[in-house]
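This report refers to the structure that appears directly beneath it.
The values are calculated or read from the model by the stated rules, or taken from the named source; none is laboratory data. Because the structure is predicted, anything quoted here is derived from the model rather than measured. All Cβ positions, glycine included, derive from the backbone under ideal geometry; neighbour counts span all protein chains shown.
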Amino acid sequence: MSTGVHVTQTSHLRCNRYRTCVLSCVPGRGNMFPPDFAWGAATAAHQIEGGWQADGKGPSIWDTFCHQEKGRVFGEQNGDVSCNSYELWEKDLECIQQLGLTHYRLSLSWARLLPDGTTRHVNQKGVQYYNKVIDDLLSCNVSPMITLYHFDLPQALQDQGGWKSQEIVPLFDSYARFCFQTFGDRVKLWITINEPYVCAKLGHEDGIHAPGLKEAGISAYLVGHNMLRAHATAWHSYDSFYRPKQKGAVSLAINSDWFEPLDPGCKEDIAATERDLAFTLGWFAWPVFVTGDYPETMRSAIDSQSEKLGYGGSSRLPSFSKDDPTVLGTADFFALNYYTSRKVKPGGDSGQMLGIKSDRNAEEVLDPSWPISGVSWLAVVPSGLRKLLKYIKDTLNNPAVYITENGFSQVGPLQMEDVERCEFYKDTIFEVGKAIEEDGVDVRGYFAWSLLDNFEWADGFSVRFGLFHVDFSDAKRSRTIYRSGQEYAKTIVKYKRAICVQ
Ligand code: BGC
């Protein structure tokens, strides 16, 4: 694969034959990746581990969601076995090594460590499993980035109100402290919560993710609020009790598309785009990186819609009180999950009903020139990532950024020679290089989603994001590298090292 940039092998790089050396950056070539840039891939516990009841693991809301009712997940599939990484971790490690990753992002299953969600009962088998994963990674020179929460709340905590209840805040904090205490001597990069937007909206408003609630216009804002409180509390715990010794960094992973006005000359489209950004990126990024509170655009849109629909009572978007932990400043870097872009004009779902879509009054449109990758929502727009990175730099106080997820899906007939995905990674990484080199964005790492084909939530196994194909019909769950995996491995080598001939 051509990555669009060239490794220079000039005579001033005086390397010994076959010696590995770090390349100097060449301005104007889009290869300004710092020598310590994190080249990674990401997964999540529920999507790969299987072993849903193994060795004392408690059920999570995703186990319940899949088992309880038909019609929620493609083909009535579930994550009971999935890639079986709980038993086949060594195979994953081989994949990680084959790619030459410097970093691997994984999530911990809360219910595997604490089956009822509380530290009253610790499942030592779960602790052993993650200790082995972390130790194995480090012994192969791969740094773990660990997500504490990637959509899979212990069912026992859902039964007590889940993320809608304020009680979740101290419970999450205890879990986070337990993880910092147990694994923090070796883990230096932490994500508290993955994509609060998705948990809040898809899980509590649209009902298409666990816990499957359809409580439009109210619960998602409450869930988002409790997630911010839980994140901030855990960050403060790390900052006070663990950082001095462990010296790591903690953030939350925020998903956002890049949004542009459908007609750049139309002021209604521009305003709708600002609202869309505020309701997606801003919802979680403004409180943490800018003001300690929600974007004003978001609050006023929700309040005016409430008034229009005669919704009485207090604002549906909660406010931070003096009893809440300080949210502003509770991220040591920006963790960005970027997949796609949208053009925007005014227009909600119906405008007549309570709901995030009608609150934000923004209709998202696909540009017909954008190719679609597998799933219908995933328009391929690598340049949108560069624009979003620049926007983050300019509006969120120029944070250090890790791109913690980005990927391309396959649906339908299996293609091991996945040339479109190869192109996608090539183009995207080139855009990231330009963001660093030309826009001065402080990007520290890039994690492809995903290491393996896996359980893609409501789409089950019908959507494949892996750099490795997993044969789900084979009891051994054999893993086979795609062409895109091979090319990603070459890209990493190309950017990180040069085998120089004297
Ligand atoms: C999630 C992943 C998911 C990916 C692709 C992200 O929203 O964090 O768990 O598999 O998108 O849909």
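Just one of the numbered conditions (1) part of a loop (DSSP other than H, G, I, E, B); (2) more than 16 Å from the ligand (Cβ to nearest atom); (3) within 30 Å of H67 (Cα to Cα); (4) touching a Ser or Thr at 6+ places or on another chain (Cβ under 9 Å) is not true of F178: (1).
When every residue of segment 364-376 is checked against the conditions, at least one turns out to be of a type in the set (D, E), surrounded by fewer than 18 Cβ atoms within 10 Å (Cβ to Cβ) and touching a residue at least 12 places away in the same chain (Cβ under 8 Å). When V432 is tested against (1) outside any loop (DSSP other than H, G, I, E, B); (2) surrounded by fewer than 20 Cβ atoms within 10 Å (Cβ to Cβ), just one condition goes unmet, and that condition is (2). Yes or no: D474 without any contact (Cβ under 8 Å) to a residue 24 or more places away in the chain and out of contact with any His (no Cβ under 6 Å at 6 or more places or on another chain)? Criteria met by D474.
Results for (1) among the hydroxyl-bearing types (S, T, Y); (2) within 23 Å of the chain's Cα centre (by Cα), shown as yes or no for each residue.
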| residue | (1), (2) |
| --- | --- |
| F74 | no, yes |
| G79 | no, yes |
| Y86 | yes, yes |
| Q97 | no, yes |
| G100 | no, yes |
| L106 | no, yes |
| G117 | no, yes |
| V122 | no, no |
| L148 | no, yes |
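Whenever a residue of segment 149-161 is under 13 Å from P59 (Cα atoms), its partners that are of a type in the set (S, T, N, Q) and away from the ligand (no atom under 16 Å from the Cβ), lying with C-beta atoms within less than 9 angstrom and at least six residues away or across chains, give the pairs P154/T118; Q155/T64; A156/T118; L157/T118; L157/S165; Q158/T64. Screening V198 on (1) surrounded by 20 or more Cβ atoms within 10 Å (Cβ to Cβ); (2) within 16 Å of the ligand (Cβ to nearest atom); (3) at negative phi shows it passes everything except condition (1). No other residue among V223, V250, V187 is among the aliphatic types (A, V, I, L, M), within 19 Å of A44 (Cα to Cα) and in contact with a Phe, Trp or Tyr (Cβ under 6 Å, 6 or more places away or on another chain) apart from V250. No other residue among R386, R421 is of a type outside the set (G, A, S), in a helix (DSSP H, G or I) and within 14 Å of the ligand (Cβ to nearest atom) apart from R421. Scanning segment 274-314 for residues that are more than 15 Å from I392 (Cα to Cα) and of a type in the set (V, I, T) yields T297, I302.
Just a yes or no: is a residue in segment 268-287 over 26 Å from S383 (Cβ atoms), of a type in the set (V, I, T), out of contact with any strand residue (DSSP E or B) (no Cβ under 7 Å at 6 or more places or on another chain) and in contact (Cβ under 8 Å) with a residue 60 or more places away in the chain? No, every residue in segment 268-287 fails to be over 26 Å from S383 (Cβ atoms), of a type in the set (V, I, T), out of contact with any strand residue (DSSP E or B) (no Cβ under 7 Å at 6 or more places or on another chain) and in contact (Cβ under 8 Å) with a residue 60 or more places away in the chain. Among the residues examined, V463 qualifies as within 22 Å of the chain's Cα centre (by Cα), within 16 Å of the ligand (Cβ to nearest atom), farther than 29 Å from E296 by Cβ and of a type in the set (A, V, I, L, M, F, W, C). Kindly provide the set of residues from segment 206-259 that are over 21 Å from P170 (Cα atoms) and assigned to a helix (DSSP H, G or I), ordered by number. Passing the criteria: P244, K245, Q246. Within segment 235-255, restricting attention to residues that are buried (at least 23 other Cβ atoms within 10 Å of the Cβ) and within 16 Å of the ligand (Cβ to nearest atom), the residue that is nearest to K188 (Cα to Cα) is S251. Go over the candidates F447, F408 one by one and state the one that is in contact with a Lys or Arg (Cβ under 7 Å, 6 or more places away or on another chain), within 16 Å of the ligand (Cβ to nearest atom) and either in a strand (DSSP E or B) or among the charged types (D, E, K, R) (or both). Only one candidate qualifies: F447. Looking only at segment 360-379, which residues are more than 14 Å from the ligand (Cβ to nearest atom) and part of a loop (DSSP other than H, G, I, E, B)? Those that are more than 14 Å from the ligand (Cβ to nearest atom) and part of a loop (DSSP other than H, G, I, E, B): N361, A362, L366, D367, P368, S369, W370, P371. Filtering segment 427-441 to residues that are out of contact with any helix residue (DSSP H, G or I) (no Cβ under 7 Å at 6 or more places or on another chain) and either within 16 Å of the ligand (Cβ to nearest atom) or within 24 Å of I481 (Cα to Cα) (or both) leaves only F430.
A single member of S304, S319 is at pLDDT below 95, exposed (fewer than 14 other Cβ atoms within 10 Å of the Cβ), out of contact with any His (no Cβ under 8 Å at 6 or more places or on another chain) and not aromatic (F, W, Y), and it is S304. Going by what's in this entry, would T395 be described as at pLDDT 95 or above and within 16 Å of the ligand (Cβ to nearest atom)? It is false that T395 is at pLDDT 95 or above and within 16 Å of the ligand (Cβ to nearest atom).
Out of all the residues in segment 466-478, which are more than 11 Å from the ligand (Cβ to nearest atom) and buried (at least 23 other Cβ atoms within 10 Å of the Cβ)? Residues satisfying the conditions are L467, F468, V470.
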